[in-house]
Amino acid sequence: METFTICLVLALYAFVLKLIGRKLGIIDPIVLVAGGLLLALVPFIPPLKIDPKLAMVIFLPPVLYQAALSLSWREFTHNMRSILVLAVGLVLVTAAAVAGVAHWVIGMHLGAAFVLGAIVSPPDAVAANAVLSKLRVPKRIITILEGESLINDATALVFYTFAVAAVVTGSFSASEALTDFIWVSVAGIAIGLVIARITIQIHRRIEDPLLEILLSLTIPFIAYIAAEHVHASGVLAVVAAGLLRGAYSARVMSATTRVQLLSMWQIIVFVLNAIGFLIIGIELRTVIASLRDSGLSAGDLALYAGIICATVIAVRFAIIYPAAWLPRLFSAKFRERDPLPSMGTLTVMGWSGMRGIVSLVAVLALPRITENPYGQFPDRDLILFLAYSVLLVTLIGQGSTLGWLARKLNVEVAACSPSHGRQIRARLRESGFDALQRWTEGKSATAVERLGRHYEHMLARLKAPDSDDALEELIEQDARDYRELARAALRAERLKLMEMRRKGEVEDDLALELQQELDLHEILIGTERGVG
């Protein structure tokens with residue numbers, strides 16, 4: 001009962017933080033990490049104990065799967081070289097650098113130092129994209145950050161698994177680790193692709209949105225558990241399944257399912273982020289007290305945190321600049337095909353290394369007991385403190401200044417030509433109009449005429465001369481007026497439906513059906529561009 005009450009309080013607290021962040025224009029990760037820090041100051045909240053294996057199963061699959069679904073496969077493959085350099089090379093270098101500093105400078109146990117390196121090595125693109133999406137930064141920056149965030153999670157967590165296993169068992173073999181790495185990677189990807197392919201075929205045969213949503217929500221967990229059951233990488237299985245499913249989403253899912261799933265995944269990921277940040281914040285108070293009892297002063301902890309944070313940030317810049325310069329320095333063909341990004345672009349990408357939910361989950365999943373002579377996991381409290389310090393510094397320090405830096409360095413591109421969007425829309429409407437002409441046989445003449453007039457009117461507006469300077473402004477005004485009028489009409493319909501239901505003039509089941517129709521109309525209005 002106590003755990004349930006604490007979870008309920010945390011849920012309400014996360015809701016309040018969300019409201020505050022929205023009011024102040026602060027992105028969710030920054031608000032949540034600050035909110036978790038405040039919880040560390042509250043003395044009467046007991047720490048929540050979470051089973052390490054359960055933490056991985058609960059948190060990782062939904063977060064990784066949602067990120068994989070939204071990634072463009074075409075853009076991902078086009079920027080594969082840059083993504084792999086950051087997602088594999090940078091992660092391994094960061095993990096090794098942090099481990100070396102933690103061991104040789106701070107004096108941490110070597111195995112624990114590598115665990116810390118694996119935890120803080122993968123940046124999370126959620127915070128960076130939330131900031132950069134408000135600016136007109138080049139699309140390539142967003143794509144590379146998203147791709148890096150997805151693949152580096154897999155790299156870091158596979159590395160983390162081996163590091164934790166070495167600490168827990170007290171033994172490590174490089175040859176066995178290499179063999180295991182190949183197996184967990186190949187098998188994990190294969191399992192994810194097979195599960196994605198099977199579920200895609202199932203989706204083609206069902207048309208019930210509820211069944212589609214239930215199946216979609218179970219896919220990341222099925223992929224993760226299936227891979228872990230055969231000692232493969234559940235993380236890579238989830239990523240592979242998400243990438244393949246995302247590529248087929250528009251072909252196998254109904255529009256209703258996609259709209260509902262988008263909202264559902266957003267809610268799930270926010271809740272998981274909130275729970276992770278707040279639980280770590282609660283545990284931080286106990287951790288700091290334990291570290292103080294072990295003889296470490298506040299000055300020592302601040303110094304250690306500063307050293308690790310500086311290492312994490314410096315290594316990212318130390319890799320990003322040479323990774324962009326060196327290939328183009330030695331290959332003229334590469335320079336022609338892919339020109340060197342500006343210094344401003346590289347600097348913004350270097351400053352975008354905020355840590356997030358994956359680092360939190362890795363900390364939550366740390367076991368407390370080991371099989372080695374130490375009994376307790378060595379330096380576990382120090383790992384947690386330093387990991388949270390990296391989260392705090394990168395999210396608040398870098399996250400709050402990233403937008404300013406991007407504007408200061410003029411890392412923006414010109415807005416897309418309005419005529420380009422109209423041309424694409426015109427091609428889409430032409431495709432729909434052509435299909436309408438082919439499928440008229442046996443259909444109501446009135447319905448065909450109404451829909452045909454609608455398409456003809458849209459095409460006439462979209463194909464108007466580009467030289468008309470007022471045309472785009474007129475289309476936008478039409479869109480605003482259209483949405484305002486349509487929403488006003490729908491509000492009137494909804495109020496009338498409520499009145500009729502209250503008076504008993506309409507049955508409950510019919511009222512619910514009509515309410516769903518009005519909701520779908522309102523969703524469509526939100527994306528409609530007026531008559532164009």
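With respect to the stated conditions, Ala247 is in contact (Cβ under 8 Å) with a residue 60 or more places away in the chain and in a helix (DSSP H, G or I).
Cβ-Cβ distances below 9 Å connect the following pairs, each with a first residue in the range 134-147 that is without any contact (Cβ under 8 Å) to a residue 60 or more places away in the chain, a second residue that is assigned to a loop (DSSP other than H, G, I, E, B) and surrounded by fewer than 23 Cβ atoms within 10 Å (Cβ to Cβ), and a separation of six or more residues or different chains: Ile142/Ser133. The residue that is least open to solvent (accessible area, probe 1.4 Å), among those in the range 40-87 that are of a type outside the set (A, V, I, L, M, F, W, C) and within 23 Å of Ala323 (Cβ to Cβ), is Asn79. Restricted to helices (runs of 4 or more DSSP H) entirely inside the range 257-359, no element has at least 3 residues that are surrounded by 22 or more Cβ atoms within 10 Å (Cβ to Cβ) and within 19 Å of the chain's Cα centre (by Cα).
What tally of residues in the range 126-143 results from selecting those that are open to solvent by 10 Å² or more (accessible area, probe 1.4 Å) and at pLDDT 80 or above? Qualifying residue count, the range 126-143: 1. Restricting Leu510, Leu497 to those that are over 30 Å from Gly452 (Cβ atoms), open to solvent by less than 80 Å² (accessible area, probe 1.4 Å) and at pLDDT 80 or above reduces the list to Leu497. Based on this model, can you work out whether Leu178 counts as in a helix (DSSP H, G or I) and modelled with pLDDT of 80 or more? Judged against the criteria, Leu178 is not a match. Applying the condition of being crowded, with 24+ Cβ neighbours inside 10 Å and out of contact with any Phe, Trp or Tyr (no Cβ under 9 Å at 6 or more places or on another chain) to the range 109-121 and asking which residue is nearest to Val315 (Cα to Cα) yields Val120. Looking at Leu217, Leu236, just one residue is in contact (Cβ under 8 Å) with a residue 40 or more places away in the chain, surrounded by 15 or more Cβ atoms within 10 Å (Cβ to Cβ) and touching a helix residue (DSSP H, G or I) at 6+ places or on another chain (Cβ under 6 Å), and that residue is Leu236.
The values are calculated or read from the model by the stated rules, or taken from the named source; none is laboratory data. Since this is a predicted model, take the numbers as computed values, not measurements. With ideal geometry, Cβ positions are generated from the backbone for all residues, glycine too; neighbour counts draw on all protein chains shown. Heavy atoms of the whole protein, side chains included, go into the accessibility calculation; ligands, DNA and RNA do not. Shrake-Rupley method; radii C 1.70, N 1.55, O 1.52, S 1.80 Å.
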